[in-house]
Amino acid sequence: MNKKKIALIMGTRPEAIKMASIIYALKQRSSDIDTVVIATAQHRQMLDQVLSLFNIVPDIDLDLMRPNQSLNDLTCSVLQLMQKTLEDVKPDLLMVQGDTTTVFAASVAAFYLKIPVAHVEAGLRSHDLYNPFPEEANRRLTSVLAQIHLAPTPLAKEKLLNEGVNEENIFVTGNTVVDAMSTLLDAPFSFQGSPIENLPLSQHRVILVTSHRRESHGEDLKNTCLALKGIVQRFPDVIIVYPVHLNPNVRKTVMEILSDAERIALTEPVDYLCFLNLMRNAHLIVTDSGGVQEEAPTLKKPLLVLRKLTERPEAFNAGLSKIIGTSTQKIIDEISLLLTDDKAYQAMIGNNPFGDGKASERIAELVCRWAKNQKPLLQYENEFKS
Ligand code: UD1
Ligand code: UDP
């Protein structure tokens, strides 16, 4: 019998982080299936940081990032290049992860060629098309095109069911980011040689910050930066570490407001191992990132989310995060509370609801069963229960 060929695509830093353990688990099953790894390279440097950390060499690299790319241009490039790529590779299944333009456009390209799509991290919903933008739409559109929906949590499955997705095609796997973390957190690590090496972390309480979302560019990001300045002025024992995303719309605002601020360290994006260890050393994490919302509870760190709402409410529902928006005063108030009230701080530490470190194994097993036409692809008792 011919082995089925599974193509896995990734464009950005978080997709690569969350696909890495799936690629590994599928390659372990090379007697059952063939895998082809495709990078659109919607991100270049930030994707390469992850690929080199996990020793992933894409079979095909479309190298399509352009400076300050527009959503339309990026979508057109992915669609055009993926047509030829999929025609050449002829995969039996395309696996996509998350909510980026790469995910949405590659799913459309596969659909037009009648190649089935498996969507990892399916079913996250904020129910507001403009928050996060364009990711909420990318996810919903991908759900319409996908045939296999790999929901990370029971809540994500529920959202898909509410939209009429057939239950037979939804599988709760846990989030693969927990798998990526568990493979790296045991590795020996030192900040030496990283952009963090000279920072006086041990003498301060560290607040780790990231913010990059399109809907926050401009005024909201400016408000956040002003709040950070206010915090270091008020708390002399605090140092803020902010690895700044390479999107030029982020860098312009952040550099303008914060480049001279005392005890605010703006760094280049750090590699994932370094970032995990920064999280581990942080007193508190403040972010608008999707992935960081899933990682902070795993490391038992209180989390403040710089958004109006989130498509990942599991941490909030468990009391482990707060959705604080982007008003300067609100950000200052919420950070100050956690810096001064130990009871409030301790109340935000609990067990991670996003995964158990076995998501990639479940997904690989399921893909093998799909390749052999076995049903069900994943037994209910083997699903992630949270
Ligand atoms: C993209 C995703 C977003 C995800 C984020 C992860 C879309 C629409 N957005 O946002 O969902 O949260 O990635 O970080 O898919 N750039 C570089 N080098 C890099 C990466 C980016 O220079 O390695 C610069 C380029 O000028 C690029 C710009 O950032 O044009 C924007 O990149 P893009 O992928 O379009 O959007 P992000 O804001 O990174
Ligand atoms: N991250 C990293 N280096 C950094 C900042 C973040 O490796 O300097 C990791 C972080 O741990 C998380 C992922 O990048 O796993 C999140 O990426 P991002 O915030 O860019 O995208 P999102 O998750 O919001 O789509």
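A few comments on the model shown:
- Residues of the range 321-380 that are out of contact with any Leu (no Cβ under 9 Å at 6 or more places or on another chain), aromatic (Phe, Trp, Tyr) and within 29 Å of residue 184 (Cβ to Cβ): 354 alone.
- If you check 135, 121 for being on the phi > 0 side of the Ramachandran plot and either under 18 Å from the mean Cα position of the chain (by Cα) or at pLDDT below 95 (or both), only one passes: 121.
- The single condition among (1) basic (Lys, Arg); (2) under 30 Å from residue 92 (Cα atoms); (3) touching a residue at least 60 places away in the same chain (Cβ under 8 Å) that residue 308 does not meet is (2).
- Extreme residue, farthest from residue 138 (Cα to Cα), among residues of the range 61-94 that are among the β-branched types (Val, Ile, Thr) and within 22 Å of the chain's Cα centre (by Cα): 78
- Filtered residue count, the range 324-345, keeping only those that are under 24 Å from residue 281 (Cα atoms) and surrounded by fewer than 17 Cβ atoms within 10 Å (Cβ to Cβ): 9
- Residues of the range 254-267 that are farther than 21 Å from residue 198 by Cβ and either within 16 Å of ligand 2 (Cβ to nearest atom) or not β-branched (Val, Ile, Thr) (or both): 256 alone.
- Residues in the range 137-163 that are β-branched (Val, Ile, Thr) and assigned to a strand (DSSP E or B): 1 in all.
- Only one of 292, 270 that is closer than 22 Å to residue 193 by Cβ, touching a helix residue (DSSP H, G or I) at 6+ places or on another chain (Cβ under 9 Å) and not aromatic (Phe, Trp, Tyr): 270
- Of the strands (runs of 3 or more DSSP E) that lie entirely inside the range 257-339, those containing 2 or more residues that are of a type in the set (A, V, I, L, M) and under 17 Å from the mean Cα position of the chain (by Cα) span 284-287, 303-305.
- Some residue of the range 169-182 being in a loop (DSSP other than H, G, I, E, B), within 13 Å of ligand 2 (Cβ to nearest atom) and in contact with a Pro (Cβ under 9 Å, 6 or more places away or on another chain): yes
- Residues that are in a helix (DSSP H, G or I) and in contact (Cβ under 8 Å) with a residue 40 or more places away in the chain were ranked within the range 229-253; the one that is farthest from residue 289 (Cα to Cα) is 234.
- Residue 17 being part of a strand (DSSP E or B) and either more than 16 Å from the chain's Cα centre (by Cα) or within 15 Å of ligand 2 (Cβ to nearest atom) (or both): no
- Single residue of the range 183-219 satisfying the filter (part of a helix (DSSP H, G or I) and more than 21 Å from the chain's Cα centre (by Cα)) that is nearest to ligand 1 (Cβ to nearest atom): 219
- Selected residue [touching a residue at least 40 places away in the same chain (Cβ under 8 Å) and either among the small types (Gly, Ala, Ser) or over 22 Å from residue 294 (Cα atoms) (or both)] from 174, 193: 174
- In the range 53-72, the residues that are in contact (Cβ under 8 Å) with a residue 40 or more places away in the chain form Cβ pairs under 9 Å with partners that are part of a loop (DSSP other than H, G, I, E, B) and acidic (Asp, Glu), at six or more places apart or across chains, as follows: 53/271.
- Qualifying residue in the range 35-55 (condition: more than 11 Å from ligand 2 (Cβ to nearest atom), over 20 Å from residue 181 (Cα atoms) and among the acidic types (Asp, Glu)): no
- Qualifying residue in the range 356-364 (condition: surrounded by 18 or more Cβ atoms within 10 Å (Cβ to Cβ), at positive phi and part of a loop (DSSP other than H, G, I, E, B)): yes
The values are calculated or read from the model by the stated rules, or taken from the named source; none is laboratory data. No experiment lies behind these values; they were computed from the predicted model shown. Methodologically, a virtual Cβ is constructed for each residue, glycine included, from the backbone with ideal geometry; neighbour enumeration extends over all protein chains shown.
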